[in-house]
Amino acid sequence: MFNNRIRTAALAGAIAISTAASGVAIPAFAQETNPTFNINNGFNDADGSTTQPVEPVNHTEETLRDLTDSTGAYLKEFQYGNVEEIVEAYLQVQASADGFDPSEQAAYEAFEAARVRASQELAASAETITKTRESVAYALKVDREATAAFEAYLSALRQVSVINDLIADANAKNKTDFAEIELYDVLYTDADISGDAPLLAPAYKELKDLQAEVDADFEWLGEFAIDNNEDNYVIRTHIPAVEALKAAIDSLVDTVEPLRADAIAKNIEAQKSDVLVPQLFLERATAQRDTLRVVEAIFSTSARYVELYENVENVNVENKTLRQHYSSLIPNLFIAAVGNINELNNADQAARELFLDWDTDLTTNDEDEAYYQAKLDFAIETYAKILINGEVWQEPLAYVQNLDAGARQEAADRETERAADAAYRAEQFRIAQETADAQKALAEALVNAGNNDNGGDNSSDDKGTGSSDIGTWGPFAAIAAIIAAIAAIFPFLSGIVKF
């Protein structure tokens, strides 16, 4: 009956989730992720919670698509509620060559394996987020470089106002008594090349055409026969004016051409990317990360729940067993899974529909305004999800894990105290035993000393032989034996004093 209730609860949860928006079916069990990655002030590289400064890197749009598609393949069954796929793939139904093992230990190992896989996918997703941010940074970099190069090129071309003044002077001085010839047309004015992004090619072409015309005219002015008739002669003020015009045109062309080449090269590079596309994949990768966090938590919670079956660690805390505390987390984890998967579904749809169809890419090369709005919307959504996920499942999970950790610490403290008490008793017994042995040795020494003293008179017959009178040394020998015995007791006494 108990097992049936467990199965019924699991199926009910799966059905409820699969019928919710887009659906998900996640088994209900797990244990806290073992932190094997760099942790900085409580933030973890492996779950994408640490700050990751990035440099501009040109990851292609196809690379970002493939990276997020790889994570998407793992999450597919969760998104679309394929219960059988999840059970078969993550609970290792077919992996049991000797038949499915229904034991709690086997279930724990299955959930723990699923937790490990979810942790690996989460770490990969965190790396994908970093790569997408690098791509965003690169797209912004080349866009801004192209804009700066264009503005430098535009600023140089706006110097044609000086050329137009010289054209007017040259034309004014190209007069004879019989004719007035307008040699040169004025170039694009500053007003003609003003605006957000004016076309500069016509202005550049006119400048180059004028340079060619002036160069040809300058050669013609050097012809000796140019003054053969009164209708076609050069007055002395005309050539200095053309010389000044030619010098100014050549100088401006020398300034403009490298700026033009730089602007063209940088704009070509900028046109290869659209900052909104990596931003799109950043939002998709982040939605995947948030979903993976919940999936990992479900498996870790489930693994710990099963691990506590008949486990001495399943103690009562706040009027519940630890298992009850863990099982109470499951409903909110399912709710959080559904909510995050809804966000992921939206991000997936945007990736499909907008990957190659951004309106801003069709109308202007200035993507800053559109990107700013996209970034602002994304930031608001991200911070809102931090608060919502924290309230719905992260803080309740942390609370239970803290209860679990506290219970484990209390058990460890009790074991430490028990071991210390046992060690103290053993040491006291050893000291008492050694003290008794020392007292026994002292008593024996006193007896031996008395025996030696009583037998001293029997040695008087030997005085004439020149040997020592041993009997006279008897009391000293007894005292030496007593001192030795007392000295042997002192280390044990000092041991007692230490306690």
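The values are calculated or read from the model by the stated rules, or taken from the named source; none is laboratory data. Please read all numbers here as calculations on a predicted model, not as lab measurements. Neighbour counts are summed over all protein chains in view; Cβ atoms, including those assigned to glycine, are modelled from backbone coordinates with ideal geometry. Side chains included, ligands, DNA and RNA excluded: accessible areas come from the protein's heavy atoms. Shrake-Rupley method; radii C 1.70, N 1.55, O 1.52, S 1.80 Å.
Worth a mention:
- Among the listed pairs Lys173/Lys205; Lys131/Lys385; Lys141/Lys272; Lys76/Lys375; Lys141/Lys385; Lys141/Lys208, those beyond 24 Å (Cα-Cα): Lys173/Lys205; Lys76/Lys375; Lys141/Lys385; Lys141/Lys208
- Remark: the Thr255-Ser161 segment gains 32.3 nm on full extension, using 0.36 nm per residue and subtracting the alpha carbon distance.
- Residues Phe429 and Asn41, FRET efficiency given R0 of 41 Å [Cβ-Cβ distance, rounded to 0.05]: 0.25
- Applying both filters, DSSP loop and at most 14 other Cβ atoms within 10 Å, to the chymotrypsin sites (Phe, Trp or Tyr not before Pro) of region 70-174 gives Phe100.
- FRET efficiency for Ser70 and Ala405, using Cβ-Cβ distance with R0 set to 60 Å, rounded to 0.05: 0.95
- Alpha-carbon Rg/Rh ratio, for region 107-178, with Rh computed the Kirkwood way: 1.73
- Leu354-Leu446 pseudo-label distance in nm [points 7 Å out on the Cα-to-Cβ vector]: 10.0 nm
- Once the chain from Ala212 to Ser49 is taken as fully extended at 0.36 nm per residue, the excess over their C-alpha distance is 52.4 nm.
- Heavy-atom accessible area ranking, 1.4 Å probe, most first, across Ile193, Ile388: Ile388, Ile193
- Accessible surface of Asp185 - all protein chains present, 1.4 Å probe, nearest 10 Å²: 130 Å²
- Using θ = phi - 60° and Karplus 6.51 cos²θ - 1.76 cosθ + 1.60, couplings along region 67-81 (whole Hz; Gly, Pro as x): 5, 6, 5, 4, 5, x, 5, 5, 7, 4, 5, 5, 5, 10, x
- Rounded to 0.05, the FRET efficiency of the Asn319 and Ser103 pair, given R0 = 35 Å and the Cβ-Cβ distance, is 0.75.
- Whole-Å distance, taken between Cα centres, linking region 258-329 and region 211-226: 74 Å
- At the residue level, Glu415 shows approximately 90 square angstrom of accessible surface with a 1.4 angstrom probe and all protein chains present.
- The H on the amide N of Asn44, modeled in the peptide plane, is under 5 Å from the matching H of Ser49, Thr50, each at least 5 residues off or on a different chain.
- At the residue level, Lys141 shows approximately 80 square angstrom of accessible surface with a 1.4 angstrom probe and all protein chains present.
- Arg418, Arg158, ranked by accessible area, largest first (probe 1.4 Å): Arg418, Arg158
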